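The structure under discussion appears below in the form of structure tokens.
The values are calculated or read from the model by the stated rules, or taken from the named source; none is laboratory data. Small disclaimer: the values here were computed from a predicted structure and weren't measured. Glycine also receives a Cβ, built like all others from the backbone with ideal geometry; neighbour counts cover every protein chain displayed.
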Amino acid sequence: MHFYSGVDSGPGAEPATALAAYQQVYAASWKEAEPYPAFIPTLIQRLAEDGSLRLGLLSLDGQPAAAQIWLLAGGRATIFKLAYDEAQSRWSVGSLLTAWMFRQVLEHEPVAEIDFGRHDDPYKRDWLPERREHWGLIAYRRDRLGGLAIGLRHALAPRLKRLWQQPRD
């Protein structure tokens, strides 16, 4: 397993190397492609530069099998993105990497809190004893096409989600 932070990460641990491994795992995972392909590379580069990136990689037989992006700021570690190669799921590579990342962060970083970030996925309850809701605010201009699109998406998303989740005959 490898822990890349952008600060003293050891030989061969440039952001490009870590990013390539992350992208290889993500492409082999169950997750949909990123809608904005430049976002993750830019995020990794910028967070590595300021020292708040923690990118964990687990390899099997020299091939990346699981990857996680954690963000460190203000005494908090936020698990931002995680993925594993579905072909390696029988080895629980995602869980192994999560356990290893928890240990690395808790033993070597000045954090008081670990946060799984957005969404309420059931697996998160296996790792953290408490759940807190975070609320946000969305602002948009109804008199602009872009703002109208955001407003409609925000208003319709819960209804569409309920329709999509209804049992089908």
Per the filter on the stretch 71-91, residues over 25 Å from Glu109 (Cα atoms) and more than 16 Å from the chain's Cα centre (by Cα) are Glu86, Ala87, Gln88, Ser89, Arg90, Trp91
- request: Please work out if Val105 is without any contact (Cβ under 8 Å) to a residue 40 or more places away in the chain and assigned by TED's automatic domain parsing to the domain that holds Ser59.
  value: no
Exactly one of Gln68, Gln24 is surrounded by 13 or more Cβ atoms within 10 Å (Cβ to Cβ) and within 14 Å of the chain's Cα centre (by Cα), and that residue is Gln68
Exception for Ile138 within (1) touching a residue at least 12 places away in the same chain (Cβ under 8 Å); (2) more than 18 Å from Ala21 (Cα to Cα); (3) touching an Asp or Glu at 6+ places or on another chain (Cβ under 8 Å) falls at (3)
Output for Cβ contacts, cut-off 7 Å, separation at least six or different chains, first residue more than 12 Å from Gln23 (Cβ to Cβ) in the stretch 33-53, second exposed (fewer than 13 other Cβ atoms within 10 Å of the Cβ) and not small (Gly, Ala, Ser), reads Gly51/Val7
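Hey, can you tell me all the residues within the stretch 101-160 that are of a type in the set (Lys, Arg), modelled with pLDDT under 90 and in a loop (DSSP other than H, G, I, E, B)?
Let us first name the residues in the stretch 101-160 that are of a type in the set (Lys, Arg), namely 103, 118, 124-125, 131-132, 141-142, 144, 153, 159.
Narrowing the set further to residues that are modelled with pLDDT under 90 leaves 118, 124-125, 131-132, 141-142, 153, 159.
Selection gives Arg118, Arg131, Arg132, Arg141, Arg142.
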Within the stretch 110-169, residues being over 28 Å from Ile79 (Cα atoms) and touching a Ser or Thr at 6+ places or on another chain (Cβ under 6 Å) number 0
Restricting the stretch 54-76 to residues that are among the hydrophobic types (A, V, I, L, M, F, W, C) and without any contact (Cβ under 8 Å) to a residue 40 or more places away in the chain, the one nearest to Trp100 (Cα to Cα) turns out to be Trp70
